[in-house]
1. Return yes when Ala221 is of a type in the set (Gly, Ala, Ser), surrounded by 19 or more Cβ atoms within 10 Å (Cβ to Cβ) and in contact with a Leu (Cβ under 6 Å, 6 or more places away or on another chain) and no when it is not.
2. Evaluate the range 166-175: report whether one residue or more is within 26 Å of Arg99 (Cα to Cα), without any contact (Cβ under 8 Å) to a residue 60 or more places away in the chain and surrounded by fewer than 20 Cβ atoms within 10 Å (Cβ to Cβ).
3. Cβ-Cβ distance below 7 Å, separation of 6 or more or different chains: which pairs start in the range 125-152 with a residue that is under 17 Å from Arg52 (Cα atoms) and end on one that is aromatic (Phe, Trp, Tyr)?
4. Search the range 87-136 for residues being acidic (Asp, Glu) and in a helix (DSSP H, G or I), and hand back the single one that is farthest from Arg45 (Cα to Cα).
5. I'm trying to understand the selection: among the residues of the range 1-39, which are out of contact with any Ser or Thr (no Cβ under 9 Å at 6 or more places or on another chain) and small (Gly, Ala, Ser)?
6. Looking at the range 61-84, can you tell me whether even one residue there is among the basic types (Lys, Arg), buried (at least 16 other Cβ atoms within 10 Å of the Cβ) and touching a residue at least 24 places away in the same chain (Cβ under 8 Å)?
7. Quick check on the range 206-232: of everything there that is modelled with pLDDT of 90 or more and among the hydroxyl-bearing types (Ser, Thr, Tyr), which residue is nearest to Arg111 (Cα to Cα)?
8. For the range 233-254, which positions are of a type outside the set (Gly, Ala, Ser) and farther than 11 Å from Gln108 by Cβ?
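The values are calculated or read from the model by the stated rules, or taken from the named source; none is laboratory data. Remember, it's a predicted structure, so these values are computed and weren't measured experimentally. All Cβ positions, even for glycine, are placed from backbone atoms using ideal geometry, and neighbour counts span all protein chains on display.
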Amino acid sequence: MGWRFDPGVALGDGFRRVATEEVCKVRDALTDDAKDRAKAIHESRQSFKRLRALLRLARPSLGTDFDDENRLWRDAGRRLAGSRDHTVLMESFDKIAARCDGGLPREQVVRLHGHLAANGGEPDGEDVERGVRSVLGLLDAAEMRLADLDWPDDASALAKGLKRSQAQLRNKWKAARKSADPAALHDWRKRVKDQAAQLRLFRQIVPPSLRSRHRDEKKTAELLGEEHDLWMLEERLAGDGLPAEALAARDALLGEIGERRGALRKEAFDLGKDFSSQKAKAFAEDITAAWEKAARANGNGKHTKRATSPAP
């Protein structure tokens, strides 16, 4: 059925189905010999991030189970991270070099590219496969635990998760506006991505204004993701050990990176202001009202009991 809730199905059952389908996607991707390994790893890491977004939405209901489950899927993603991180580093280098529009000495650019490729921490093939086997080994037991969790099963529980999600997003946005350092921007991006995934669960039942909000969240996360990738590249280029004969090209690239990061931050703050600044209670009420209406229309009213004042 995909990453969405069906208003004709009990909410708790919807959470369980979505969670187990993501696990199945990971298993299928990592055991498909015909699929490109880098693509399979990328898709699997995206599934882990969606699972963690689902867990955060359900956190008030999950209680003490949340920490263990969140840690498990975080660590699973890290077991696959090395190969993807190196790929992103090289892609970022190619993109920023292309933005210089041929204004750099070609030989120096090639030398820098070769240096990063050889010293960028790319794991060897056996390390990658070891990580894949490790992840596959935990999936069966993890899938059974997900099925047994105490997922939200009515609008009251849903409202608590939505309110908490928006409150965290708002707080991280405020912190990023205040300092705009890489760690604060990255924290804001993670909460934007969480909520984009959460909102997509309701894409069939929310009003048009919230569908456009999802598009803004997705775009903002992309902008912040590029900004973060360029910061990582900047850190690598600013370090020691680069070929002395390529330092002129390095300095020009660092200047281009600085300008691009500034433009990305401005665009992200402009686009993300409205949805990040919304009060948590209002956001939760908008989604739960749409869910209640759709659930009743689908004969699922018994699962829409609503709290008069959702707890944070």
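1. Criteria not met by Ala221.
2. Within the range 166-175, not a single residue is within 26 Å of Arg99 (Cα to Cα), without any contact (Cβ under 8 Å) to a residue 60 or more places away in the chain and surrounded by fewer than 20 Cβ atoms within 10 Å (Cβ to Cβ).
3. If the second residue must be aromatic (Phe, Trp, Tyr), the pairs left are Trp151/Phe15; Pro152/Phe15.
4. Across the range 87-136, the extreme among qualifying residues is Glu107.
5. Across the range 1-39, the qualifying residues are Gly2, Gly8, Ala10, Gly14, Ala19, Ala34.
6. yes
7. Applying the filter and picking the extreme gives Thr220.
8. Selection gives Leu233, Glu234, Glu235, Arg236, Leu237, Asp240, Leu254.
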